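This report concerns only the one structure given below.
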Amino acid sequence: MSSSARAAAPIGVFDSGVGGLSVLRALRAELPQENFVYLSDAAHAPYGERADEYLSARAVRVADYLVAQQGVKALVVACNTATAAAIHTLRARWPGLPIVGIEPALKPAAAASQTKVVGVMATRSTLQSAKFKVLLDKLQGQAQFVLQACDGLAAAIENGDADTAQTLCARYVQAMGGFGHADGQMDHLVLGCTHYPLVESLLRNLVGPHTTLLEAGPPVSQQTRRVLAQAGLLLPPGVAGAVRLLSTGSTAELGGNAQRWLGLNGVVIRAQTETGG
Ligand code: DGL
């Protein structure tokens, strides 16, 4: 395949469900000319309370499908949980494929925090992962991190269950302690799961105006641009690219969310990751 034909191939983006749409939103803002295939692995969501072996197996299945059936030129793992469990496996499996992962934005939060107290909301699996421990160790002494495993929150967002999402957000924010810019308060809150930016307004109401909410979609998009440029796979600016939406679960749910969050009206296709076809 010529290099211009390869560059025209889509970028594969996947998550356990609709959360990765928050990353796709940032990717489309950063790289509007690129084509994207978004896969929601909703039949196996939520990922956040699963074991590493399960997550790794799912990530490999989904990535195999995106590479073999969708012909992607690069892969963005738009899920903190899957990145923590499987990014090394994916990179070892496709050494030539540009692969970008996502991790909770602790580093920028620690650097920007004035109070040096930072809240972190993420899935239990992300917080328990070896990759997250390495990240925490690296930042030791730079800030105090208040970690909150948010069991059930991604599932509530996934199911569009606004009442449960509201109850859980309130419970977890309260459990973390004081938010604000006074001494000892958390002036930054890291949204360490890609589902959480979809309930940003709920969280904003709970933490008040003096706390910065940080999501990793924009830095991941900038990293995707760098990685594509290095590989000679970046499309030049021009016509707006296309987005193909795929789900292993409910196509209606992904369609509704893509409409709601990104204004996308495309038909959602059922992805058969089990048979590879
Ligand atoms: N959106 C995913 C993340 O960033 C996982 C949510 C879930 O399926 O539990 O961690």
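Odds and ends about this structure:
- Only one of G48, G17 that is surrounded by 18 or more Cβ atoms within 10 Å (Cβ to Cβ), at pLDDT below 95 and within 12 Å of the ligand (Cβ to nearest atom): G48
- Qualifying residue in segment 133-151 (condition: open to solvent by 20 Å² or more (accessible area, probe 1.4 Å), without any contact (Cβ under 8 Å) to a residue 60 or more places away in the chain, over 21 Å from C79 (Cα atoms) and within 16 Å of the ligand (Cβ to nearest atom)): no
- Members of segment 223-250 found to be open to solvent by 70 Å² or more (accessible area, probe 1.4 Å) and closer than 15 Å to G20 by Cα, listed by number: R244
- Test: residue in segment 54-75 that is within 16 Å of the ligand (Cβ to nearest atom) and more than 30 Å from A7 (Cα to Cα): yes
- Filter pass, E253 being under 21 Å from the mean Cα position of the chain (by Cα), open to solvent by 40 Å² or more (accessible area, probe 1.4 Å), modelled with pLDDT under 95 and among the acidic types (D, E): yes
- Residue in segment 95-102 that is in contact (Cβ under 8 Å) with a residue 60 or more places away in the chain and in a helix (DSSP H, G or I) present: no
- Matching entry among Q259, Q223 (being of a type outside the set (G, A, S) and closer than 27 Å to S2 by Cα): Q223
- Among the residues of segment 152-171, those identified as assigned to a helix (DSSP H, G or I), more than 18 Å from A78 (Cα to Cα) and in contact with a helix residue (DSSP H, G or I) (Cβ under 7 Å, 6 or more places away or on another chain) are A156, T164, A165, Q166, L168, C169, A170.
- The residues of segment 225-276 that are within 19 Å of R25 (Cβ to Cβ), part of a loop (DSSP other than H, G, I, E, B) and free of Cβ contacts under 8 Å to residues at least 40 places away in the same chain, listed by number, are G263, L264, N265, G266.
- Checked against (1) out of contact with any strand residue (DSSP E or B) (no Cβ under 7 Å at 6 or more places or on another chain); (2) open to solvent by less than 70 Å² (accessible area, probe 1.4 Å), A130 passes all but condition (2).
- In segment 160-208, the residues that are free of Cβ contacts under 8 Å to residues at least 12 places away in the same chain and over 27 Å from Q142 (Cβ atoms): D161, A162, D163, T167, R171, S201, N205
The values are calculated or read from the model by the stated rules, or taken from the named source; none is laboratory data. None of these values were measured; they are calculated from a predicted model. Neighbour counts are summed over all protein chains in view; Cβ atoms, including those assigned to glycine, are modelled from backbone coordinates with ideal geometry. Ligands, DNA and RNA are stripped out before the accessible areas are found, and what is left, the full protein with its side chains, is counted by its heavy atoms. Shrake-Rupley method; radii C 1.70, N 1.55, O 1.52, S 1.80 Å.
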